[in-house]
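Q: Below are the structure tokens for one structure; questions will follow.
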Amino acid sequence: MLLEAGPEIAVASTKAYTAQIAVQAVLAKALGEALNNQDAKDWNLKHDLAIAAEGMQQLVDSKESLKEIADKYLIKSRNAFYIGRGIDYAVALEGALKLKEVSYIQTEGFAAAELKHGTISLIEKGTPVIALINDPATADLTRGNIQEVVSRGANIITIVGKDFAKEGDDIVLPEINYYMSALLTVVPAQLLAYYASKDKGLDVDKPRNLAKSVTVE
């Protein structure tokens, strides 16, 4: 399936990733309709994509707050972590990849439920942990994970869906269908990586040792 996203010059892929999410949603709806699934037939995907586009623009318009967060918590850090559950876990992996690619901060994405199976031993005072919360079934559980890392000295950065926002959250996402939430969650994740790299004086578009095309195995 062609993404039709246009050329992407930067080595670190951002809009292609977003386009892949949108195309997968189109594919999921088509497969569901082919299987005579009523939920797929009832899903107004065009509406959800339009809502996503509006939400993404709102997040880009508020990018200065993301710069402040990157300057405060990320640019002086050697290590960082992303945590999330469900769809948020997939976005956590993307956020971690982008941050390590362009800012050279060693960053890993983990399923929040797996923190106590080893990862939490890496948390030190001042370690940035970026927590993603969009899943209605697990929002409270992820909040519990946040408290666990805070008690060990972590600096928490929260990226939270509007329905689950609480006082003190750093980034509140516009309202959207949970199954499309990755389209919004990934925007601040990628912008945090952008500002962490730029404010460290690095070349965001051409990270060291990376190439747009891999020609060797």
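Q: So which residues in region 28-62 are out of contact with any Asp or Glu (no Cβ under 9 Å at 6 or more places or on another chain), touching a residue at least 40 places away in the same chain (Cβ under 8 Å) and of a type in the set (A, V, I, L, M)?
A: Listed by number, the residues that qualify are 49, 52, 56, 59, 60.
Q: Something else now. State which residue pairs qualify: first residue free of Cβ contacts under 8 Å to residues at least 12 places away in the same chain and inside region 184-204, second residue surrounded by fewer than 23 Cβ atoms within 10 Å (Cβ to Cβ) and β-branched (Val, Ile, Thr) in any location, beta carbons under 6 Å apart, and separation of 6 or more residues or different chains.
A: 198/204
Q: Continuing with the same structure: Restricting the search to region 1-20, which residues are surrounded by 14 or more Cβ atoms within 10 Å (Cβ to Cβ), free of Cβ contacts under 8 Å to residues at least 40 places away in the same chain and either closer than 16 Å to residue 181 by Cα or of a type in the set (D, E, K, R) (or both)?
A: 8, 15, 19, 20
Q: Being outside any helix (DSSP H, G or I) and either surrounded by 20 or more Cβ atoms within 10 Å (Cβ to Cβ) or of a type outside the set (Lys, Arg) (or both) is the filter here, so list the residues in region 76-87 that pass it.
A: Listed by number, the residues that qualify are 77, 79, 80, 81, 82, 83, 84, 85, 86.
Q: Pairs needed: first member in region 165-178, farther than 16 Å from residue 70 by Cα and in contact (Cβ under 8 Å) with a residue 40 or more places away in the chain; second member anywhere, β-branched (Val, Ile, Thr) and crowded, with 18+ Cβ neighbours inside 10 Å; C-beta distance under 6 Å; at least 6 residues apart or different chains.
A: If the second residue must be β-branched (Val, Ile, Thr) and crowded, with 18+ Cβ neighbours inside 10 Å, the pairs left are 176/51.
Q: Does at least one position in region 125-134 carry a residue that is over 24 Å from residue 8 (Cβ atoms) and loosely packed, with under 15 Cβ neighbours inside 10 Å?
A: Yes, region 125-134 contains a residue that is over 24 Å from residue 8 (Cβ atoms) and loosely packed, with under 15 Cβ neighbours inside 10 Å.
Q: Does residue 76 fit the bill of being in contact with a helix residue (DSSP H, G or I) (Cβ under 8 Å, 6 or more places away or on another chain) and closer than 13 Å to residue 196 by Cα?
A: Taking the combined requirement at face value, the residue does not satisfy it.
Q: Suppose we filter region 88-124 for residues that are among the β-branched types (Val, Ile, Thr), surrounded by fewer than 23 Cβ atoms within 10 Å (Cβ to Cβ) and modelled with pLDDT of 95 or more; how many remain?
A: 1
Q: Now, a different point. Kindly evaluate residue 134 against the criterion of being touching a residue at least 60 places away in the same chain (Cβ under 8 Å), of a type in the set (S, T, N, Q) and in contact with a Leu (Cβ under 8 Å, 6 or more places away or on another chain).
A: no
The values are calculated or read from the model by the stated rules, or taken from the named source; none is laboratory data. Remember, predicted model here, so these are calculated numbers, not experimental data. In this analysis, Cβ positions are derived from the backbone assuming ideal geometry, glycine residues included, and neighbour counts consider all displayed protein chains.
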